[in-house]
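Engineer: Submitted below is the structure of interest, expressed as structure tokens.
The values are calculated or read from the model by the stated rules, or taken from the named source; none is laboratory data. Bear in mind the structure is a predicted one, so any value in this text is a computation, not a measurement. Here the Cβ positions follow ideal geometry from the backbone for every residue, glycine too, while neighbour counts run over all protein chains shown. We work out accessible area using only protein heavy atoms, side chains counted, and drop any ligands, DNA or RNA first. Shrake-Rupley method; radii C 1.70, N 1.55, O 1.52, S 1.80 Å.
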Amino acid sequence: MFSKRTFLLKTITLVLGFCFMVILSSGVGLAKKESPYNATQHYIDDVMQLFQEYEICSEKKIGPEEKKALRKDLSKMAAKIFDYDYMCRKAVGPYWRVFTDKQRKQAVKLFTELLEENYFGKLLKHMQEIQRLCGENIRVMGQEMLSSDKAVVRSIIVYGDKEYPVNYNMRKKAGKWQIYNVVIEGVSLIKNYSSQFREILGRNKPKAFLQKLQDKVASQK
Amino acid sequence: MFLVFLGIFVFPPQVFGSEPVQKGRGDTSGNASVEQGGPDFDLGDEKSDNLDQDGELDREALYQKLRKQDQGRKKLIADPLEPVNRAVFKFNDKVYVYVFTPVSDTYTVIVPSGLRDKIGNIFYNLGYPQRFVNDLLQFRFSAAAKETGSFLVNTCLGFLGYLDVAQHIESLNNPSPPDNDFGVTLRYWGMGQGFYIVWPVMGPSTLRVSTGMVGDYFVEHYTDPFTYYSSWELSWGFRMEERLNSVPSILNRYNKMKGAALSPYVAVKNGYVQYRQNKLRK
């Protein structure tokens, strides 16, 4: 009877110990959940690692095939970093309600293409601009929580002899922090697009607006 | 054990983070306000949308309603001269493409980017009187002192400002605002930004900035050593080089903005006004 009781106690202790370990490990998992500050730092590290893989910082000449592959990798990485869907919604503003689901998807796709083409498609044509970003030239300075799922992360980019304050508006989506706006020297990218989109949408219906967006993207290629 | 269990779920994950978290909104370069930025970011309430007889969303009626609302919203800046401004903008674009671009391309071949930055440093350093006078007019005595210190250090030890030695001296860093002008002073004295103006060749401006430029011109003119000690040709040559040296970077920015814009006129106007308004926040 006594040995049975001891056995039971041992079993309970073991089970509880196991539970404790599971909970503790999940706790460590939770503790590791990223803050917007850490997420930004990791995104910068990932991009820098990609640059290293392609030996961009060693000023090696990069052939057209390699550029194509780099562009594809950058595009994949950007899809993880940026919340394109929300960016587009913000830029279109209240008119988003008039868009059909199909039009919304098309708008996000075209807007993504426009941003990608301009913000790294063109950079790849001028590799020296990327090379100037090599090294320790982006410093993440701090974060400010605006709500439980929105934050601003501040950084400084050293470009040439000058320092530029660049801030990122971030939003938590499915547990991950993603960037939905970039503010360079106080100029907000999404506010800028919003002013353009709303001016066009004030004169044109969504269909015509999407046609303009499509024409613009086509003219970039 | 339950306490451990509860503890993990009660405390939010941020508690475990150790990264620097800065509070306060005074120094966020306009970023926090992006979220509180009023009408530009209202997505509206889809629940209150009009539905037609079949319960479908009446998109036409909603579009007309939103358009009306949007026309009535407060704009970033008034633009009563829009037709004239747009014409000047088009003219400027041609000047930038057909005159400035070849000039800039030639200049960048002769003067590489590193040297352009250094020449820019010299001109920035010699623009000290303008910043100093405006600091005083805004009662920013600490900034005026920092500017004076930076100017003396960079002029004497940094070869007229070719090297920015002062940036390595902490007490001389970040005079606020870093690029003070008479437009900022006018704002300090209560003048509104006025309306948007596109000047031929010079490009975007506001009524306040344009008025300020007149004040800065006089400060520049009366503090320019060339005015007193040498010929006007040398003075003008000096000013021309100052403008020329900044053309490649301005052109680069303009082309990037134009390339990425769906409506370049609106993009430049909005970008310029946001930039100026941010400058005033510093």
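Engineer: Taking H placed 1.01 Å from N in the peptide plane, check which residues at least 5 places from B:A78 or on another chain put their amide H under 5 Å from its amide H.
Structural biologist: The list, which skips near neighbours in sequence, is B:Y196.
Engineer: When the solvent-accessible surface of protein heavy atoms is calculated with a 1.4 angstrom probe, in what order do A:C57, B:C156, A:C134 fall, highest first?
Structural biologist: In descending accessible area the options line up as B:C156, A:C57, A:C134.
Engineer: Can you work out the PRE-style zone for B:E60? Point 7 Å along Cα to Cβ, and I want the residues of the stretch A:185-216 with backbone N under 20 Å.
Structural biologist: A:201-210
Engineer: Taking R0 as 56 Å, what FRET efficiency do you get between B:F159 and A:R104 from their Cβ-Cβ distance, rounded to the nearest 0.05?
Structural biologist: Result of the calculation: an efficiency of 0.45.
Engineer: Which residues does a label at B:R243 reach in the stretch B:255-277, if reach means a backbone N under 20 Å from a point 7 Å past the Cα toward the Cβ?
Structural biologist: B:255
Engineer: Can you work out the accessible area per residue across the stretch A:40-144, with the rest of the protein chains kept in place, probe 1.4 Å, in square angstrom?
Structural biologist: Per-residue value: 51 Å².
Engineer: If you roll a 1.4 Å probe over the stretch B:117-251 with all protein chains in place, what percent of the accessible area is carbon or sulfur?
Structural biologist: 70
Engineer: Work out from phi, with θ = phi - 60° and the Karplus expression 6.51 cos²θ - 1.76 cosθ + 1.60, the ³J(HN,Hα) of each residue of the stretch B:86-97, listed in order in whole Hz, and give x for Gly and Pro.
Structural biologist: Once rounded to whole Hz, the list reads 5, 5, 5, 4, 5, 4, 4, 4, 5, 4, 5, 6.
Engineer: Okay, moving on. So what J values fall out for the stretch B:210-219 if you push phi through Karplus, 6.51 cos²θ - 1.76 cosθ + 1.60 with θ = phi - 60°, rounded to Hz, Gly and Pro as x?
Structural biologist: After applying 6.51 cos²θ - 1.76 cosθ + 1.60, I find 5, 5, x, 4, 5, x, 5, 4, 5, 4 Hz.
Engineer: A follow-up question, please. What distance in nm lies between label points placed 7 Å from Cα along the C-beta direction at B:T211 and B:K74?
Structural biologist: For the pair B:T211/B:K74, the computed spacing is 2.0 nm.
Engineer: In whole Hz, with x marking every Gly and Pro, tabulate ³J(HN,Hα) for the stretch A:35-48 from phi via Karplus 6.51 cos²θ - 1.76 cosθ + 1.60, θ = phi - 60°.
Structural biologist: My calculation for the stretch A:35-48 gives 8, x, 4, 5, 4, 4, 4, 5, 4, 4, 4, 4, 5, 5 Hz in order.
Engineer: Now for a separate question. At what distance in nm do the modelled label points of B:V201 and A:K68 sit from each other, each positioned 7 Å from its Cα along Cα→Cβ?
Structural biologist: That separation, rounded to one decimal, is 4.6 nm.
Engineer: Taking a threshold of 30 Å on the Cα-Cα distance, which of the pairs B:K74/B:K258; A:K221/B:K74; A:K80/B:K258 fall above it?
Structural biologist: Long pairs (Cα-Cα over 30 Å): A:K221/B:K74.
Engineer: What total accessible area, in Å², is buried where chains A and B meet, using a 1.4 Å probe and rounding to the nearest 100?
Structural biologist: Interface area, both chains combined: 5900 Å², rounded to the nearest 100.
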